1. All but one of (1) in contact with a strand residue (DSSP E or B) (Cβ under 7 Å, 6 or more places away or on another chain); (2) more than 18 Å from GLY17 (Cβ to Cβ); (3) not assigned by TED's automatic domain parsing to the domain that holds LEU216 hold for THR118; which doesn't?
2. With (1) touching a strand residue (DSSP E or B) at 6+ places or on another chain (Cβ under 6 Å); (2) of a type in the set (A, V, I, L, M, F, W, C); (3) at pLDDT below 70 as the list, and ILE211 as the residue in question, which single condition is left unmet?
3. Could you identify the single residue in VAL135, VAL192, VAL167 that is buried (at least 20 other Cβ atoms within 10 Å of the Cβ), in a strand (DSSP E or B) and in contact with a Leu (Cβ under 7 Å, 6 or more places away or on another chain)?
4. Failed condition for GLY68, given (1) surrounded by 16 or more Cβ atoms within 10 Å (Cβ to Cβ); (2) modelled with pLDDT under 65, with all others met?
5. Please return the ranges of strands (runs of 3 or more DSSP E) entirely within the range 58-103 where 1 or more residues are out of contact with any Phe, Trp or Tyr (no Cβ under 7 Å at 6 or more places or on another chain), of a type outside the set (A, V, I, L, M) and closer than 19 Å to GLY19 by Cα.
6. Being at pLDDT below 90 and on the phi > 0 side of the Ramachandran plot is the filter here; which residues of the range 73-127 pass it?
7. From (1) modelled with pLDDT under 75; (2) surrounded by 13 or more Cβ atoms within 10 Å (Cβ to Cβ), pick out the condition that doesn't hold for VAL253.
8. MET229 passes all but one of (1) at pLDDT 70 or above; (2) within 45 Å of the chain's Cα centre (by Cα); which number fails?
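The values are calculated or read from the model by the stated rules, or taken from the named source; none is laboratory data. Fair warning: this is a prediction, and the values are worked out from it, not measured in the lab. Cβ: placed from backbone, ideal geometry, glycine included. Neighbour counts: every protein chain shown.
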Amino acid sequence: MQTRNTSKEVSFRPLSGYGMLALILLLPIACITALVWSANLPGNRAPEPAVAIVAIPALVVWVFLLPGFFIVEPNLGRALVLFGKYRGTARDPGFYWTNPFTSKKKVSLRAHNLNGKTLKVNDLLGNPIEIAAIVVWQVRDTAQALFDVEDYLTFVDTQSESSLRMVAARHPYDDGQAMDVHTTLRGSADEVSMELQRELQVRLQIAGIEILEARLSHLAYSPEIAAAMLQRQQAGAIIAARKLIVDGAVGMVEMAIEKLSANKIVVLDDERKATMTGNLLVVLCGQQNAQPVLNAGGLYN
């Protein structure tokens, strides 16, 4: 297998553009002055050919020197390539001049915000879900971003989608669906975001990209199973509420029997305790208000 050569950014400090601008402005003035002087020599003599031979090529050179000027804006790098060879990257803001045959490629060093599109994926249990993420990133190494991948903007977009699919497939959507996985997409947002950020950093390291933040922006069941999953969640909520009601009712019945027996208000045998317990549980756990029934006789008649 062929070993891949990884590019590395090199700092480059080009010449100041202001000094070169002064020299370049003086060059055409000197050439034109020399041509005018040679054409107006005393005695109506012909212009000196040596002056024209020097001045005209100097003007041609002046035209070729002009493309060497460039500006570096704040948080904007310029990668310089001369005849296919990477010379370095200018990061310091300013006005510069370099070899006019040098290619000056712009690379934004600012933070980029990628609002990913909504994807339809399967979670750990195979349930179809809709998920999307927001990724904040910036270029750390301009040489890698330009020379190690074809298009680093498209590369970030594609790898973000792939990483999000992989992370979503490692976790169930909600709690209680998988016994061997404790983190869920809905209940462990911070852990899932950190895992997504680590996964992205590994994949985008080849392009010299640094991930500043990654978090989920959308999470929902797919429409075809959303209704069934909503019923499941409602059933779970009802069961949890019923359990809480039953636990409270049993405690209240136990407390009532203990106080009645301790204060000797009434002596209850096992059958009366069972009857009283059943009546209190019906009253406390019922969905509707209890209807009182007056008993004019005793329990046994």
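1. (3)
2. (3)
3. After applying the criteria, what remains is VAL135.
4. (2)
5. Answer list for the range 58-103: 94-97.
6. Answer for the range 73-127, where residues must be at pLDDT below 90 and on the phi > 0 side of the Ramachandran plot: GLY84, GLY126.
7. It fails just one condition, (1).
8. Here MET229 meets the rest and fails (1).
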